[in-house]
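As structure tokens, the structure follows; a few thoughts come after it.
Computed from the coordinates by the stated procedures, all read-outs in this text should not be read as laboratory data. Since we're looking at a predicted model, the values are computed, not measured. Cβ: placed from backbone, ideal geometry, glycine included. Neighbour counts: every protein chain shown.
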Amino acid sequence: MKNKLIYLPFALLTYGLLYFWHPEVMNYHEQNQLFLWTGDYLAQRLALPGGLADWISECLVQFCYVPWLGALALTVLFTLLALATNLWVGLLALTTLLDLYSLISFPVALLLTVAAARWADGFSQPHAAPTPANFSSKCIAFRPIPAGCLGAPWIRDVWSECRKTFARPYPLGADALLFPVLYWLVGPTALLYAALRLVHYYARGGRRGIYVLTYLIYILFILLNAHRLLFPQWPLSAAFCGLNYCRVPTLHPACHWQIPLTVLFVALAQYPAKVARYFWVAVAGLSLGVLLPLKDYDPDPYEVLKQDMLVRQERWDEVIARAERHQPPTSMSSEYVNLALAMKRQLAERMFQFYQSGPDALLMRSMRDNLSNMATAEAFYHLGMINSALRYCSDLQESIVNNRKSGRLERRIALCQLANGRTAVARKHLRLLSHSLYYRAEAEELLRQGYNDEVKRLQRLRYRQEMLYDYNEIDKMLGLLFVNNPDNTMALDYFLGQLLLKGDVQNFMGHLPWAQQYGGYAVMPAGYQDAVRTIQSHGNAPGTLYGNYVKKMMSNAQTEKP
Amino acid sequence: MKLKLRTRDLGRGLALVATLAVVCALFFTSGTPDLRRVRPVDALPPMYPDYTDVTIPCNLAPLNFLLRDSAREVALRVDGRFLATSHGARLTIPLSRWRKFTAEHRGDTLQVEVFARHADGWRAYRSFTWMVSPDSIDPYLTYRLIEPDYEVWNNLQIEQRSLADFSTKQLADYHLQQNRCMNCHIPQGASARRSMLYVRGEGGGAVLNEEGRLRKLALTADSLVSGSVYFSFSPGGRWVVFSSNVIIPGFHTHPDRRLEVFDTRSDVYVADLQERVIHVWPQLADSTQLETFPVFAADGRGIYFCSAPRDSLRSHLLHGLKYALLHVDFDEATGQIARQVDTVYAGEKSVCHPRVSPDGRFLVYTVADYGTFPIWHPEADLSLLHLDTGVRDSLPQVNAPFSDTYHSWSSNGRWMVFASKRDDGLYGKPYFTHIDKEGRATKPLLLPQRYPEYYDHTLKSFNIPELVDAELPFDAVDVQRAMQREAETFTLKRE
């Protein structure tokens, strides 16, 4: 492709998709890692095959903290991938065979497919219980992308340097050294390089089977021995499918190989026999078609992720505004919207105008995955339930199964530890953050001062009374939090809200005077008036929002009974 | 073009190389201070780990340390001779030099001086002593690496570390165990010939190492309280006494407290590894009591364990849950236990993790204000009981303000390793203390690392440290293979 401007529309499309349509996806990936600018961090990555690709991918993903920059970084990456394909197409002299425009679009289209749709796989049933725990397991951690991309500049250099070698009839011996190096840097995606070299070899007329056989045996030898000698504590499958290609190390989703395989199919299309050529073109096209699972696209999971992003950025009004238009019917969504309402002091007023999933609509039980409890962790933190926030944040971070830290959660943990007076532990987390790009400034300030306004706020709000946490009595815990500090009006709103969600009308009515006395409301909030009307009419007052909630809960309970 | 090498060019090249070598030497090597110009400082060096006034096993790896100040160079002088110098605040001692030094000074108490160069010149900190103990420590340490979080664990590893240097070996690794929980690698009396660890979860079991042959055991039965948790081998190796516990986590709201892990039910059982029978004795499995932490006496003639009334679970915030230390006679030949259970110690505090010294003279246990999980109790301390006299020693020279618990003895009985959170209150690290024939303990020293900053950076706790007298004859791959087998089942026998 001579005119490189042809990539511009793709680049713009990629940028638009990431920045305008799905910025939350970038946010999600960014909050599941903590990239450190230290030699140790790089060395740790390079200690395993595919480490350089891993390091580059994390380096790029860190920019997603600033959405426009993250979108730009990923767009550059995707465009490089298209260019890499183009380079191979050029090498294989395919210009007269196929429409290159569509060829180079393959990887980009596939990539966007993977990015846009596959991410949402685990989220495809938003009506089921909260956020499915397997959400993260289906997420691709961008690893193969730089792995594929990295081949391009490398191959270009090698090409110019080793032209003579390549021109020889049997050039495969040159890979004896190059393949292991490439394997160590980018992982098993290097197999694509090996496959393309074989195709290239055949395309140039090489036919001696013994060379090909030796080549294949050598590759197998390298992979098996690398595993046996250098990373035996990993399963053997990791040597062939990648160590950190997926956030769940033991998973090797087929989609990881979609891009490399399509490139390979395209390359095979230059096979001299005409029929075979069309066969491979068809296979490449088919693989593209198979990999377009847009029919499964469900916007709700993305909406929840978007709420998570907005809550993280404390854009409370936007959370509420979006929920007014559409709210996914999940517990997480209820929690995010309720938190936004509470932060804007609208919870008492408007809670039941929005979807409420049940007694877990304010605070959820502990779950073992890296997302479901994020809303609860945020709520605990803003309420001032420091130990609970610390627990949920720690467990969320520990649930990132590839053992990466989270900048978002590390920051929360450090602040909670400081508020608890655990300076030594907090400093440990802050030192970690001080090596990152976007968390450094605050971390360094806290390392210097030992506190900031946020720490003081948390210390003001926290419990004064020792007790053991009990989710079954979360309403009482919220009540005590408020009693310990009557200025904590958010705790009061949560307390009364929890009583309503639980259907504990007696306690709600008993504690309603607190709302008038301490809540700072000039008049009784409309939401509480609505609830009182429902309670006084024994649920028979028509059109009451709380009444509708109670009916829905009762109906759900009856459905669940049989 | 043919390259002609002329003598003049060669001379220039050599001069350049020599200059570079001199520059590098000046830049990368550090010097010793001119003692006439050193400024004395009336304070101990701010060294981390704190290796001042410690007793060092003669076969331990070098005590690398760093100074927690703005030192630009550090020099270490021992017994009047400079042992090591460094650029920057970190001082690492070459392994060969350290080995020679410890070999030469076995049994000596040495004067140690630390010098540091700051912006204003060299400073000499107050000197301290190192006692190089002639008692060697077992050459290997095993432990579990885990992040001290709450309910979620991830990426667990059981590791073996050579104490003579810094090399490690994975004994069980999460990559090969589907990220399941793994715990409690415990040898039989610090012997590498027999040990056992657990892999939890679906398809899990106990992996028993018998001189390198791994057996997978289902050390449980339907009517047991739960799976096996704490265990101990009899000296002969035929018997295993273990507890089965229903463990519940509780979460504090107080800033100084974090977790409260307690048992709602627990009993102690004796398993015969030879006949594959689990014996249930009413003395050890009383439903009104919570029995746990069983351990064999050094001679195998008794079992020590802890017990608390189950009623105490109802006490306010579990503050009344206090375990006593009990003893029951055991016959290793027949596997019979006596009817009579004796109370060894029952006090104001709760007793956990009793461990008897190999010579049978001392019993070290952890005391906490209450409860059964001292690792989360900042006040938890070690205590030593002289079994022959009944005298209790609260080990003030060993304990620190944060949790000191989970200890094990070396095979010669002169060293003890324990997990202490003294640095920051959260991350457990292995400390060693020397215990002489009279039961006197020395100031503990932290397991040295190749780079002492390791402890600043790691987010893992060293859990269940155990000393082992030789390299363990298996690794993580062997454990993975063992886990793929069918587990050997046990039958239950009520006595």
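Put one equal scatterer on each alpha carbon of segment A:18-82, apply the Debye formula with no solvent term, and list log10 I(q)/I(0) at q = 0.13, 0.25, 0.29 1/Å to two decimals. Debye intensities relative to I(0), on a log10 scale: -0.37, -1.05, -1.18. For the segment B:153-159, counting C-beta atoms of other chains within 10 Å of every residue's C-beta and taking the mean gives 3. For chain B, DSSP calls about 90 percent of its internal beta bridges antiparallel.
Past the 27 Å Cα-Cα mark, which pairs from B:Lys169/B:Lys349; A:Lys456/B:Lys322; A:Lys405/B:Lys216; A:Lys456/A:Lys476; A:Lys306/A:Lys344?
B:Lys169/B:Lys349; A:Lys456/B:Lys322; A:Lys405/B:Lys216
Working ranking of peptides B:483-492, A:507-516 by packing, defined as the average number of other Cβ atoms within 10 Å per residue, highest first, is A:507-516, B:483-492. Each of A:Trp37 and B:Thr389 was given a label point 7 Å from its Cα along the Cα-to-Cβ line. The distance between the two points is 6.2 nm.
For A:Tyr469, the residues 5 or more places off, or on other chains, whose built amide H falls under 5 Å of its own are B:Phe251, B:His252, B:Thr253. Put in order of Cβ neighbour count within 10 Å, fewest first, the listed residues A:Tyr218, A:Tyr392 become A:Tyr218, A:Tyr392. Each principal axis of the Cα cloud of segment B:355-437 was taken in turn, and the coordinate range along them, longest first, works out to 34, 23, 20 Å. Calculate the FRET efficiency for B:Glu151 and A:Asp504 from the Cβ-Cβ distance with a Förster distance of 30 Å, rounded to the nearest 0.05. Efficiency, from the Cβ-Cβ distance: 0.65.
Sorting the Cα pairs of chain B by distance into bins of 10 Å, from 0 upward, gives 4, 18, 27, 23, 13, 8, 4, 2, 1, 0 percent per bin.
Compared with the direct C-alpha span, the chain from B:Ala400 to B:Ser223 gains 59.6 nm at full extension, assuming 0.36 nm per residue.
Once Rg and the Kirkwood radius are both taken over the C-alpha atoms of segment B:213-267, their ratio Rg/Rh works out to 1.14. In units of the rule-of-thumb radius 2.2 N^0.38 Å, segment B:355-495 shows an alpha carbon radius of gyration of 1.23.
The spread of Cα positions in segment B:173-235, taken along each principal axis and listed from longest to shortest, comes to 32, 29, 17 Å. Among B:Met196, A:Met374, a tally of other beta-carbon atoms within 10 Å of each Cβ gives an order, fewest to most, of B:Met196, A:Met374. Basic side chains Lys and Arg get +1 at the Cβ, acidic Asp and Glu get -1 at the Cβ, and with that the dipole of segment A:316-369 about its Cα centre reaches some 40 debye. Working ranking of peptides B:38-49, B:380-391 by packing, defined as the average number of other Cβ atoms within 10 Å per residue, highest first, is B:380-391, B:38-49. The slack between A:Asp487 and A:Arg431, meaning 0.36 nm per residue of separation minus the straight C-alpha distance, is 16.8 nm. Shielding value for B:456-462 is 3, the average number of Cβ atoms from other chains within 10 Å of each residue's Cβ. Applying 1/(1 + (r/R0)^6) with R0 = 51 Å to the Cβ-Cβ distance of B:Asn412 and B:Gln336 gives a FRET efficiency near 0.95. Across the alpha-carbon atoms of segment A:414-562, the computed radius of gyration and Dmax are 20.9, 60 angstrom.
Under a 5 Å amide H cut-off, with hydrogens placed 1.01 Å from N, B:Lys493 pairs with B:Ile278, B:His279, B:Val280 among residues at least 5 apart or on other chains. With a cut-off of 17 Å, note down the residues of segment B:360-397 whose backbone N falls inside the zone around a label point 7 Å from the Cα of B:Arg200 toward its beta carbon. Backbone N within reach: B:372-376. 3J(HN,Hα) along segment A:453-470, derived from phi through the Karplus expression 6.51 cos²θ - 1.76 cosθ + 1.60 where θ = phi - 60°, amounts to 4, 5, 4, 4, 4, 4, 5, 6, 7, 5, 4, 9, 10, 7, 7, 9, 5, 9 Hz, with x in place of Gly and Pro. Gap in Å between the Cα centre of segment A:359-373 and the Cα centre of segment A:526-562? When both Cα centres are located, 24 Å separates them. The distance between label points at B:Asp53 and B:Asp369 comes to 2.9 nm (points 7 Å beyond Cα on the Cα→Cβ vector). The simple spin-label model puts a point 7 Å past each Cα toward its Cβ; for A:Asn403 and B:Val261 those points are separated by 2.0 nm. Neighbouring Cβ atoms from other chains, within 10 Å of the Cβ of residues in B:244-255, number 5 on average.
Subtracting the Cα-Cα distance from 0.36 nm times the residue separation, let me have the gained length for B:Glu471 to B:Glu488 in nm, one decimal.
Here the answer is 3.5 nm.
With 10 Å bins beginning at zero, the pair-distance distribution over Cα atoms of segment B:182-340 amounts to 10, 38, 34, 15, 3, 0 %.
In whole Hz and in residue order, list the ³J(HN,Hα) couplings for segment B:266-275 that follow from phi through the Karplus curve 6.51 cos²θ - 1.76 cosθ + 1.60, θ = phi - 60°; x for Gly and Pro. With the stated coefficients, segment B:266-275 comes to 6, 9, 10, 10, 10, 10, 9, 6, 6, 8 Hz.
When you count the other C-beta atoms within 10 angstrom of each residue and take the mean per peptide, B:81-93, A:481-493, B:309-321 line up highest first as A:481-493, B:81-93, B:309-321. With θ taken as phi - 60° and the Karplus curve 6.51 cos²θ - 1.76 cosθ + 1.60 applied, the whole-hertz 3J(HN,Hα) list for segment A:237-243 is 4, 5, 5, 9, 10, x, 8 Hz, x standing for glycine and proline.
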